[in-house]
Structure formats: C-alpha cells, structure tokens
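Everything below concerns the one structure shown next.
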Amino acid sequence: SQQGEEDPQALSIQEGENATMNCSYKTSINNLQWYRQNSGRGLVHLILIRSNEREKHSGRLRVTLDTSKKSSSLLITASRAADTASYFCATDGYDYKLSFGAGTTVTVRA
Amino acid sequence: NAGVTQTPKFQVLKTGQSMTLQCAQDMNHNSMYWYRQDPGMGLRLIYYSASEGTTDKGEVPNGYNVSRLNKREFSLRLESAAPSQTSVYFCASTDRNYGYTFGSGTRLTVV
C-alpha cells in the first residue's frame, strides 16, 4: 500500500492564483519530498523537508510539515501555465524506500 | 549531462518474452531504485539497491529480477512478460541527502 495520500486528486485554478495541495502519511518518516511530473515525462524533485523541519521555501514553493498530524502541504504561489502538471508527495522512511502517493493533477488556466 | 539514463525508451513485448531494462547514473549515488507507474497512480517500488552489492524487494517485486552490476548500473529483468506488466518503468538514484533523480522512463507494452 502507498504511504502518502494527496488531496485533492485534481485542482483547476486561474493563472496568478495560488494552488495548495495536501499530503497525509501513515508511519514515521526521515523526510518528505515533493515531485512534479509533466505529462509523459519523468519526475522532477521540487523540495525535501526533513522530519525536524516545519516549513521550507524554494522560489514560489512553500512546504509545511506537521509530524504530529502526519501531514504536509505544498503551496505554489502566483501560478503559471507551466505549473500544469501532476504533483506527488513521497515519504522517505528509515528503510531506504521512497513511497509515493497517487498525486494531485493541477491545471492552470490562462 | 549528469543524471539517470534509461534504455530503451519504448518496448513492445509478446506475452512470455523476456527483456532487461537498463539504468545507469553518473552522480556517484549509492542507492538506486526501480518503480512502475500505472495510469492515474503514483509510483510503486519494484526493487531497490541501497548500496552496491545489495538488492531488496519493494512493494511489487513478483515477476521481476534485478542486478546491481556496479555502482553506476542497476538493471531490471522481466523473465516472462505478462500483460499485467504493461506500465511505465522509472529508474531513480539518490545519495539520500537530497531528492531522488529519475530517468525519463521506459514505456513497456506487453501484448
């Protein structure tokens, strides 16, 4: 079974708006990572947040982590058409395995 | 360019045929992974190699075998392909301090 679950499954927003997606997981983690996948392409690493961190920023991306609730969120600010993609959270436990959720499909409308 | 290289990019097999998917990384990463992705789903781990000389089963290992040939290369073999193995296969590597680097994928169809 997959460790992480993203919510919502799909998100449609207007260009310039913010997009927020959430990830919940089940067991303790070493770190949590977010990836982007454009249609028909491989996954691209966006950001990694360690279990002792609560918030991290990278450009227009902001990730939060609440280990007490076993949840994380990814915020994309001022979205662009190029942000249209699927976004996956992945949890890295202490067992060398990275487990993925089913992803959130984001569509940014011009 | 540094990264993970997968070959082939596309493959069509008949049921019962065998094939090997190749993966190589040039980032001196210790850990390498094989995932499969089915439509509308996230990635599921098939096998992984935490370091050179070791391999372990992931979530969906049945029907697959792997070989960690050296630190750079990690291959995935389908001994007798089945239609259920139709999928997109991704190889990845990491040093575990940063994120994983993924290859561009192999689209496999078993007819």
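The values are calculated or read from the model by the stated rules, or taken from the named source; none is laboratory data. Keep in mind it's a predicted model, so treat the numbers as computed, not measured. Don't worry about glycine lacking a Cβ; one is built from the backbone with ideal geometry, like all the others, and counts go over all protein chains shown. Heads up: the accessible areas ignore ligands, DNA and RNA and are worked out on the full protein's heavy atoms, side chains in. Shrake-Rupley method; radii C 1.70, N 1.55, O 1.52, S 1.80 Å.
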Calculate the spin-label point distance for A:Thr20 paired with A:Asp95, positioning each point 7 Å from the Cα along the beta-carbon direction, and give it in nanometres.
-> 3.3 nm
The A/B contact buries a total accessible area, at probe radius 1.4 Å and rounded to the nearest 100 Å², of 1800 Å²
Here the FRET efficiency for A:Thr107 versus A:Ser58, based on Cβ atoms and R0 = 30 Å and rounded to 0.05, is 0.85
Just the ratio, please: alpha-carbon radius of gyration of region B:64-111 over 2.2 N^0.38 Å, N its number of residues.
-> 1.34
When ligands, DNA and RNA are left out and all protein chains stay put, how many square angstrom of accessible area per residue does chain B have with a 1.4 Å probe?
-> 46 Å²
Alpha-carbon centroid distance for the pair region B:53-111 / region A:1-75, whole angstrom = 24 Å
Report in % the part of the accessible area of region B:59-111 that belongs to carbon and sulfur, leaving out ligands and nucleic acids; probe 1.4 Å.
-> 47 percent
For chain A: relative contact order, % (alpha-carbon pairs under 8 angstrom, 6 or more apart) | 39 percent
Along principal axes, Cα extents of region A:24-110, largest first, whole Å | 40, 25, 18
Given the pairs A:Lys56/B:Lys9; A:Lys26/B:Lys57; B:Lys14/B:Lys71, which are separated by over 24 angstrom at their Cα positions?
-> A:Lys56/B:Lys9; B:Lys14/B:Lys71
Tell me, which residues of region A:94-110 get at least 20 Å² less accessible area when the other protein chains come in, versus the chain alone (1.4 Å probe)?
-> A:Tyr96, A:Lys97, A:Leu98, A:Phe100, A:Ala102
Interface residues of region B:75-90, defined as losing at least 20 Å² of accessible area versus the chain alone with a 1.4 Å probe, are B:Phe90
Restricting things to alpha carbons, find the Rg to Rh ratio for chain B using the Kirkwood radius for Rh.
-> 0.95
Apply 1/(1 + (r/R0)^6) to the Cβ-Cβ distance of A:Arg80 and B:Asp38, taking R0 = 30 Å, and write down the FRET efficiency to the nearest 0.05.
-> 0.55
Between beta-carbons, use under 9 Å as the cut-off and find the net charge around A:Cys89, counting Lys and Arg +1, Asp and Glu -1.
-> -2
Taking only Cα atoms of the protein assembly as shown, radius of gyration then Dmax in Å | 17.3, 51
Averaged over residues of A:29-40, the number of beta carbons from other chains lying within 10 Å of each residue's Cβ is 2
